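S.K.: Dropping a structure here in C-alpha cells format, bear with me for questions.
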Amino acid sequence: MKYMTEFRDGKIAGKIARAINSESNKKIRIMEFCGGHTISLLKYGIQDLLPDNIEMVSGPGCPVCVTSKAEIDAAIELSENPDVILASFGDMIRVPGASMSLRQSKAKGSDIRIVYSPDDAVKIAGDNPDKKIVFFAVGFETTAPVTASSVKLAESMNLKNYFVLSAHKTTPGILSALLAEEVRLDGFICPGHVTAITGTAMYKPLTDAGKPCVVSGFEPLDILSSILLVVRQVETGIAKTEISYSRVVAPSGNLRAQQIMNEVFSPTDAVWRGIGVIPDNGLKADGDYKRFNACAEFDIEIETDEKETKGCICDKILRGLNKPTDCKLFNSACTPEDPIGACMVSDEGTCSIYYRFGRKGKTVA
Amino acid sequence: MRKTDFITLAHGGGGKASEELIEDVFLPLFSNDILDSLSDGAILDAPKTGKLAFSTDSFVIDPIFFPGGDIGSLAVHGTVNDIAVSGGVPRYISVGFVLEEGLPIAALKKIAASMGEAAKACGVSIVTGDTKVVPKGGADKIFINSSGIGFVPEAVNINPKRIREGDSIILSGTIGDHGIAILTSRKGLEFKTETVSDSQPLNGLVKAMLEAEPDIRMMRDPTRGGLAASLNEIAKASAKGILIDEKAIPVKRGVLSICEILGLDVLNVANEGKLVAFVPEESSGKVLSAMKKEAAGKDSAIIGKVGGAKPGRVEMKTAFVGNRIVESLVGDQLPRIC
C-alpha cells in the first residue's frame, strides 16, 4: 500500500542500522523533537538497533503535553459558562488542569464537543446561533493554519458567535530555549510536519551553534535515515539543515499556510508546560480578526505561573533533561489510566509512549 | 386511546398503550411458544447433561442503524456470541428495552424485526422481555439489554487456566471492521468508506470448531478494546505469555488506511463477529480448516502462539524488526460503540 509499508521495510532498516553502527564513533546525544518520532523509535524497536554511543532524547514536540495547566483551566472556566459550547480536539479532554480535566467538567454538565477539525466547530456555531462557540485551539504550526482558516470561514459566514481560545505555540522560540538548556545536545531530528509549514529557515540558529538538524518524517525508515544523516554531520564536523522527508517538506515551507496564519494571528507570549513563558511564542487572533479572540470576548487572562504536581518531572522530560524511567511516579502512581503529568496523558507524550512500548528489552531502565 | 407514530410515556406505563406495543410490535416479530404465553417469567427446558452458560450485555450504540447492522441485530449477536465463545449452545435470550419518548414506532419496528430475524438465524428464542420509556433526553433513542442462556456440552471446558505453552492462537477473520464502520458513520467525521460492521453470530462457527476439536482451551470474541484487550485479558488470566505475528493478522486495507489516518491501532478497534481461539498446537490444522469452511470463519488464520513472551504479557513480532508490547487500550477510543 502506498506509503503504508515501504517505510517499514525491515531489510532496508538493517542496512541503514549497519551504516550507522559502522560510521558512528563519537558519543552523542540526539534529540528527536516530536512525540511522533518517539513513538516510532520505541514502537519499532529502533533504539535497539543503535550503537551504545548514540543516546536518543525526547523533545517537547507534543502539543497536548506543553499546553499549560492555566490554559486548560481557562478552557474549563469557559466550558462552565452556560452560554458556551466548548469545542476541543479529543486529546485535550483528559489532560488534568489545576483541579480537574475537561472530561470532568463535561461530566458535571458543561457542553463540550469533540471535533476533528476547527471547521466542525464553525459548523456548530452556525447551527447554534443562540450560543457562543469557543474552539480550544492547541498545536504548533501544523494546526495553527487550520485554526486561522476556520476563523476566516466564520468571518465569511458572518458568524458573531465563534471564538478561539488559542493555546497555539510556535517552534522557533522553543528551539532557542532548548539551545540554552544545560544538557548538551549534539543534533536534532526536527519536526517533519511543522517544517512542512514553516520551512527550514528557523533552524539557522541551531546550525550556527554547530548542531546538525535533519527534518524527519515519522515512519521507522524516516527516523533511521535521519539519524544516519545526523551521525554523518557530527562525524565530519559539519552542521547544516537537511531534509530526509522531502516527499512532504520543501525548504520554503507552505507559503499559503504561513500567509493565512500571519493574516489572522499575531505573536503573543506563551506559557509552555514545564518550560515557562517564552516571549512571542504564542498566537492570538488579532487585527481584523480580533473579535474572534476568546480571551478578549470573555475577559480571561491566562496565568503564567506554572507549578507541577509534587514528584512529577514532566518539566524535565519535556526539556530532555530526564527520561520517564527516571521519574518515581512513572508506572506506579502515574499511568495512562490515571495520569499525573501531561506527558502521560497524550498518546504522543513521552511517558505514555515509554509506558506503552518501552517496558521491554534494552529500553527498560 | 389514539395510536401515535412515536413512543410516548404511556407506552411504558403498563396500561393499554404498553399492551398495544407488545401486541403490534414485539409479539408478531419475536413469536415462539414460550413468549406467546406472556407469563411473567419464561419456563425453560433444562439440559439433560452438561452445564448452563449465562451472559448479559447492554447496547447503547450510536448510531442505532449503521452499515452492516443495527442495535437490534447487534443485541442478539452480542449475547449469542458471548454464550458461544463460553462453549455454550445458545438457546434462550431475554430483551429489555429502554426507549426515549419520541422514538418513531417505525424505527422500533425495524429494530425489532431485525432482532427477530437475527434470533431465528442464530436458532435462539426470545423468551421474555420488558419495555420502559423515559422522558425525552433521559436516554438516547433506544437502549437494549439482552441476556442469554446456553447449554454447555459435558466434553467442553472453555477456561483460560487450561491454556498451555505452545498452544496455537487462531483468529476467525479480519479485525477492526465494526469500530471503523461505526466511526465513519458518525456525524462529524465524514469519511467515504465501504467498510461495514462485521456484526454476525458465531455459534455456527463455534459448533464446527468444537466438532473438530472438543478440547479447545479458550475462546473470546474481541469486542470493545479489540484483539489487544482480549489477548491481554487471556494472558493475565492464564499467566502465560502470548506472541502474535503482525503479518499473520487479517486486516482489510480500507480499515488499515483509516486507522493510519486517525492514528488508531487496529488491535484496539472493536469487532462484533470475530473470535480468537486457543487450541492445542497439534489440532490447530483441523480446527483452522473447519473454521474456513464456515462463512463466519472463511478468513481465519493462525496468528500466534502461547509462549515467547513474559507471563501475563502480549508481544507482537512486527513487520519491521523485533517485537513490541501489545497493551490494552487506555480510556475510551470511541464511546458508545456497542
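S.K.: Report, ordered by chain and residue number, the lysines lying within cross-link reach of B:LYS286, taken as a straight Cα distance under 21 Å and ignoring same-chain residues fewer than 8 apart.
M.R.: Here the lysines satisfying the reach criterion relative to B:LYS286 are B:LYS207, B:LYS274, B:LYS298, B:LYS305.
S.K.: Given R₀ = 22 Å, FRET efficiency for B:LEU52-B:LYS298 by Cβ-Cβ distance, to 0.05? Working shown, then result.
M.R.: Details: r = 31 Å, r/R0 = 1.40.
Efficiency, from the Cβ-Cβ distance: 0.10.
S.K.: Oh, and also: Go ahead and run the numbers for FRET between B:LYS207 and B:LEU44, Cβ-Cβ distance against an R0 of 22 Å, rounding to 0.05. Write out the running numbers ahead of the final one.
M.R.: On the way: r = 20 Å, r/R0 = 0.93.
Result of the calculation: an efficiency of 0.60.
S.K.: About its Cα centre, how strong a charge dipole does the protein assembly as shown have in debye, to the nearest 20, once Lys and Arg get +1 and Asp and Glu get -1 at the Cβ?
M.R.: Details: 80 positive and 88 negative charges, 351 e Å.
I would put it at about 1680 debye.
S.K.: I need the phi-derived Karplus couplings for the stretch A:53-70: 6.51 cos²θ - 1.76 cosθ + 1.60, θ = phi - 60°, integer Hz, Gly and Pro marked x.
M.R.: 7, 10, 10, 9, 10, 6, x, x, x, 10, x, 5, 5, 8, 5, 6, 4, 4
S.K.: Just tell me which aspartates and glutamates come within less than 13 Å, Cα to Cα, of A:LYS160; anything on the same chain fewer than 8 places away is out.
M.R.: Qualifying aspartates and glutamates at Cα under 13 Å: A:ASP127, A:ASP130, A:GLU297.
S.K.: I would also like to ask the following. Reachable aspartates and glutamates from B:LYS132, Cα under 18 Å, same-chain residues fewer than 8 places away excluded?
M.R.: Within reach: B:ASP5, B:GLU19, B:GLU20, B:GLU23, B:ASP24, B:ASP40, B:ASP57, B:GLU100, B:GLU101, B:ASP140.
S.K.: GNM, chain B, Cα, under 10 Å: largest mean-square fluctuation among B:ALA155, B:ALA107, B:ALA42?
M.R.: B:ALA155
S.K.: Ok, one more. Placing unit charges on C-beta atoms (Lys and Arg positive, Asp and Glu negative, everything else neutral), compute the dipole magnitude of the stretch B:160-325 about its Cα centre in debye, rounded to 20. Before the final figure, lay out the partial values.
M.R.: Values: 25 positive and 21 negative charges, 55 e Å.
Using Cβ point charges on Lys, Arg, Asp and Glu, the stretch B:160-325 gives about 260 debye.
S.K.: While we're here: When chain B is modelled as a GNM with alpha-carbon springs shorter than 10 Å, which of B:LEU210, B:LEU288, B:LEU44 fluctuates the most?
M.R.: Taking springs between Cα atoms under 10 Å, the residue moving most is B:LEU44.
S.K.: If you filter the stretch A:176-265 for GluC sites (Glu not before Pro), then keep DSSP loop positions with at most 12 other Cβ within 10 Å, what is left? Walk me through the numbers before you get to the answer.
M.R.: Values: sites: A:GLU181, A:GLU182, A:GLU235, A:GLU242, A:GLU263; in loops: A:GLU181, A:GLU182.
Counting only loop positions with at most 12 other Cβ atoms within 10 Å, the GluC sites (Glu not before Pro) in the stretch A:176-265 are A:GLU182.
S.K.: Still on this structure: Note down the nm distance, to one decimal, between modelled labels 7 Å out along Cα→Cβ at A:ASP280 and at A:GLU303.
M.R.: 2.9
S.K.: Another question about this same structure. Would you mind calculating the gained length between A:LYS152 and A:LYS15 on full extension (0.36 nm times residue separation, minus the Cα-Cα distance), in nm to one decimal? Can you show the working numbers first?
M.R.: Working: separation 137, 0.36 × 137 = 49.32 nm, distance 4.81 nm.
Taking A:LYS152 through A:LYS15 to full extension adds about 44.5 nm, to one decimal.
S.K.: For the stretch A:1-108, which trypsin sites (Lys or Arg not before Pro) pass both filters: DSSP loop (anything but H, G, I, E, B) and at most 14 other C-beta atoms within 10 Å? Could you put the intermediate results ahead of the total?
M.R.: Working: sites: A:LYS2, A:ARG8, A:LYS11, A:LYS15, A:ARG18, A:LYS26, A:LYS27, A:ARG29, A:LYS43, A:LYS69, A:ARG94, A:ARG103, A:LYS106, A:LYS108; in loops: A:LYS2, A:LYS26, A:LYS27, A:LYS108.
The qualifying sites are A:LYS2, A:LYS26, A:LYS27, A:LYS108.
S.K.: Testing the spin-label approximation: label points 7 Å from Cα along Cα→Cβ at A:GLN104 and B:LYS109. State their distance in nm.
M.R.: Placing both labels 7 Å along Cα→Cβ, they lie 4.9 nm apart.
S.K.: Would you mind checking the pairs A:LYS211/A:LYS323; A:LYS106/A:LYS284; A:LYS204/A:LYS240 and listing those with alpha carbons more than 18 angstrom apart? All intermediate terms of the calculation are to be shown ahead of the outcome.
M.R.: On the way: A:LYS211/A:LYS323 21 Å; A:LYS106/A:LYS284 26 Å; A:LYS204/A:LYS240 8 Å.
Exceeds cut-off: A:LYS211/A:LYS323; A:LYS106/A:LYS284.
S.K.: Given A:LYS152/B:LYS192; B:LYS240/B:LYS293; B:LYS192/B:LYS252, which pairs have Cα atoms separated by over 21 Å?
M.R.: On the way: A:LYS152/B:LYS192 26 Å; B:LYS240/B:LYS293 30 Å; B:LYS192/B:LYS252 15 Å.
Over 21 Å Cα-Cα: A:LYS152/B:LYS192; B:LYS240/B:LYS293.
S.K.: To the nearest 20 debye, what charge dipole does the stretch B:80-188 have about its Cα centre, counting +1 at the Cβ of each Lys and Arg and -1 at the Cβ of each Asp and Glu? If you can, show how the numbers build up before the last one.
M.R.: Numbers: 12 positive and 10 negative charges, 47 e Å.
The dipole magnitude comes to about 220 debye.
S.K.: Return the percentage of antiparallel bridges among DSSP beta bridges fully within chain A, rounded to the nearest 5 %.
M.R.: Details: 9 of 40 bridges.
Here the antiparallel bridges make up roughly 20 percent for chain A.
S.K.: Please give the FRET efficiency for A:ALA201 paired with A:ASP288, using the beta carbon to beta carbon distance and R0 = 45 Å, rounded to the nearest 0.05. Mind showing how you got there, number by number?
M.R.: Numbers: r = 27 Å, r/R0 = 0.59.
Efficiency computed from Cβ-Cβ geometry: 0.95.
S.K.: Between B:ASN159, B:ASN271, B:ASN81, where does the largest GNM mean-square fluctuation fall for chain B, given springs only between Cα atoms within less than 10 Å?
M.R.: Taking springs between Cα atoms under 10 Å, the residue moving most is B:ASN159.
S.K.: Something else about it: Can you give the extra length, in nm with one decimal, that the chain gains between A:ASP338 and A:GLU263 once fully stretched, where that is 0.36 nm per residue apart less the Cα-Cα distance? The partial results should precede the final answer.
M.R.: Values: separation 75, 0.36 × 75 = 27.00 nm, distance 4.04 nm.
Using 0.36 nm per residue and subtracting the Cα-Cα distance, I get 23.0 nm.
S.K.: Also, I was wondering about something else. Write down the percent of antiparallel bridges among all DSSP beta bridges whose residues are both part of chain B, to the nearest 5.
M.R.: Details: 39 of 52 bridges.
Roughly 75 percent of the DSSP beta bridges within chain B come out antiparallel.
Values in this text are rule-based calculations from the coordinates and carry no lab data. The shown structure was predicted, so the numbers you read here are calculated from the model rather than taken from an experiment. Neighbour counts are summed over all protein chains in view; Cβ atoms, including those assigned to glycine, are modelled from backbone coordinates with ideal geometry.
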